[in-house]
Amino acid sequence: EAGVAQSPRYKIIEKRQSVAFWCNPISGHATLYWYQQILGQGPKLLIQFQNNGVVDDSQLPKDRFSAERLKGVDSTLKIQPAKLEDSAVYLCASSREPGTVNEQFFGPGTRLTVL
Amino acid sequence: AQSVTQLGSHVSVSEGALVLLRCNYSSSVPPYLFWYVQYPNQGLQLLLKYTTGATLVKGINGFEAEFKKSETSFHLTKPSAHMSDAAEYFCAVSDRNDYKLSFGAGTTVTVRA
């Protein structure tokens, strides 16, 4: 089966610009996650969707970050405006069913550099 | 919230030598425990997980980990390192109620020929 797809793989922008990332999870996976991985740190959960509803966005900086998952499939994560400290790899993951300890499958990530 | 500590941000081993990566968690109730590997420019891949039952867990690529409740540890080992094991390894925990993953800071493994 195809894995989690993300695009773009790399993005370089200047501070105060906007950027969007796209994620296509594994077919049939109900739960989708966005993580932020800053260099030298482990991934940190930003937001979790179950189908097209938000389960947890407690760590999402909502003044500048937004995310949506229309129709319960693809998802986009947006940053507007970007700050220098947003430089990181943004990972998307999906899992089959909510409410169980299912494996999360990760995409390759989008590496964002904010200048 | 769960937290996890990985001791040592970098580990260097010779090819054929033992690989030992340390992970400790902080929780009064044993959580679910995971080890993920990340190769350069790739996403994370699950190596193994502990949920319940046997405390010695075998994973892919010859890795295994042992859950020790008394030590709140879940250390990862491989008897004989290969060059292909060079990667970054993350220990993660999740609460038994919400299944959300909390990751350690990671340990980078280099393998010397």
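Read-outs throughout are calculated quantities, based only on the coordinates presented, and are distinct from any laboratory measurement. Computed from a predicted structure; not experimentally measured. Methodologically, a virtual Cβ is constructed for each residue, glycine included, from the backbone with ideal geometry; neighbour enumeration extends over all protein chains shown.
See the values below:
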| read-out | value |
| --- | --- |
| Tensor-based shape of the range A:1-102 (alpha-carbon gyration tensor, a/c under 1.5 rounded, otherwise prolate or oblate) | prolate |
| Euclidean distance of C-alpha centroids, the range B:46-113 and the range A:22-39, integer Å | 22 Å |
| Length added when fully stretched, B:A54-B:E71, from 0.36 nm per residue minus Cα-Cα | 4.5 nm |
| Principal axis dimensions, largest first and in whole angstrom, of chain B by Cα | 43, 28, 22 |
| Positive dipole terminus of the range B:39-91, leading residue within B:F63, B:S80, B:T52 (C-beta point charges) | B:T52 |
